[in-house]
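The values are calculated or read from the model by the stated rules, or taken from the named source; none is laboratory data. On a predicted model such as this, the values are computed, not experimentally measured, just so you know. Cβ atoms come from the backbone with ideal geometry, glycine included; neighbour counts cover every protein chain shown. All accessible areas refer to the heavy atoms of the entire protein, side chains included, with ligands and DNA or RNA removed. Shrake-Rupley method; radii C 1.70, N 1.55, O 1.52, S 1.80 Å.
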Amino acid sequence: MSEETQMDTLAYSSRMLYWAPLGKLLFCVLVLIANLVTESILVPFITLAIGLSMMAYSTNFKIPFFIAIALLEALAILIIGAGLISISGESGNVLWESHFLWINIYMTDDSFNKAWLVLFRGVAGMAVMMGFATSTPIPHLSQALRQVHLPVEIVELIVLIYRYGFLLLERMEIMYHAAACRMGFNGFLRSIKTTASIGVGIFISSTNMADKAQTALSCRNYKGYFPLYRAPAKTGLKWILFSALVCAAMIIFGLETEGIVNMYELFKGVLF
């Protein structure tokens, strides 16, 4: 089963399938806004709990393998980014300082706390967006975007990029397995050369794939949208009020709890 089929199957089997797509999107956006506007480290934990609850109710934490790999890569980028933030301190008490070439490295208690806040925010945001992505098929999302009068051309681009991205991913997997069978990844230098060759091959073949995809869409009478025979519910006033109340409650809670949890104080006796 291809990655696209796995993702579509997951979305169409979700318990949240026929919830209003715009309502789910509005709720997720407002939760993410509340996650970003306050400095309380407790708000990301609330956001994470909301995201995990959505994923649990939607698909019982079922995630396609390639999505799990992408999430792990995003988590690695977050960890690296948080590490860089922690050693880029400009204010606060200096915990550790060093020099690398012409770069002065300073870790302060403020930068240490900021790094943890950014890390928790990123993880919580990924959980919320995964809860939305695993419960909303792309045809439902495209219809919802047309309901807010987004230009038809932009909606069509979103749908085609989503579909075309999976075609490129499948082609990359075929090239990767073919290279692996020919010992293309035997050694560091050979792995680099093989990876570069795969990248070039995907770029060159993308135009041919685009022509074939366009022909296939034309043969299926594609008119710029995927028809829905059982449309999801539309966003009502209840979704707007509920999302606004949750967002406001999280912001108020965040403002009231700023500074209560200090990561530097928690790790002070262990790391410093």
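Once both labels are positioned 7 Å from their Cα atoms along Cα-to-Cβ, the gap between Cys219 and Asn60 label points is 3.8 nm. Charge tally around Met55: other residues with Cβ under 12 Å, Lys/Arg +1 each, Asp/Glu -1 each, net +2.
Per residue of the chain, what 222 nm ellipticity follows from adding -39500 (n - 2.57) for every DSSP H run with n ≥ 4, rounded to the nearest 500? The helix contribution divided over the chain gives -24500 deg cm²/dmol. Size descriptors for the chain: radius of gyration and Dmax over Cα atoms are 22.8, 67 Å. Using the Cβ-Cβ distance between Met209 and Met129 with R0 set to 35 Å, the FRET efficiency from 1/(1 + (r/R0)^6) comes to roughly 0.80. For the set Lys62, Lys238, the ranking by accessible area, highest first and with no ligand, DNA or RNA atoms included, is Lys238, Lys62 under a 1.4 Å probe. Here the calculated FRET efficiency for Glu170 and Ser13, from their Cβ-Cβ distance with R0 = 30 Å, stands at 0.85, rounded to the nearest 0.05.
Solvent-accessible area of Lys212, all protein chains in place: 140 Å² (probe radius 1.4 Å, heavy atoms, ligands and nucleic acids excluded). Taking 15 Å as the cut-off, the amide N atoms of segment 232-272 that come nearer than this to a point 7 Å along the Cα-to-beta-carbon line of Ser98 belong to 272. Charge tally around Lys234: other residues with Cβ under 14 Å, Lys/Arg +1 each, Asp/Glu -1 each, net +4.
Run down the lysines and flag those whose C-alpha is under 28 Å from the C-alpha of Lys212, throwing out any fewer than 8 positions away in its chain. Lys212 reaches Lys223. From the residues Ser218, Leu117, Ala20, which one has its Cα farthest along the dipole of the chain in the positive direction, the dipole being from +1 and -1 charges on Cβ of Lys/Arg and Asp/Glu about the Cα centre? It is Ser218, whose Cα lies furthest towards the positive end. What is the sum of charges around Ile79, taking Lys and Arg as +1, Asp and Glu as -1, for the other residues whose C-beta is under 14 Å from the C-beta of Ile79? Taking every other residue near Ile79 into account, the sum is 0.
For the pair Cys181 and Leu255 in one chain, pulling the backbone fully straight at 0.36 nm per residue adds 21.0 nm over the alpha carbon distance. For Trp96, the solvent-accessible surface with a 1.4 Å probe is about 120 Å², rounded to the nearest 10.
For a paramagnetic label modelled at 7 Å from the Cα of Ala70 toward its Cβ, which residues of segment 130-154 fall within the zone defined by backbone nitrogen distances under 15 Å? Backbone N within reach: 130-139. For segment 111-207, carbon and sulfur atoms together expose 74% of the accessible surface, with a 1.4 angstrom probe and every protein chain in place. Accessible-area rank, largest first, for Trp19, Trp116: Trp19, Trp116, with all protein chains present and a 1.4 angstrom probe.
Taking the dipole about the Cα centre of segment 1-155, with the C-beta of Lys and Arg at +1 and of Asp and Glu at -1, give me whichever of Ala82, Leu141, Tyr106 is farthest to the positive side. About the Cα centre, the residue reaching furthest to the positive side is Leu141.
Excluding ligands, DNA and RNA, the accessible surface per residue across the chain is 60 Å² with a 1.4 Å probe.
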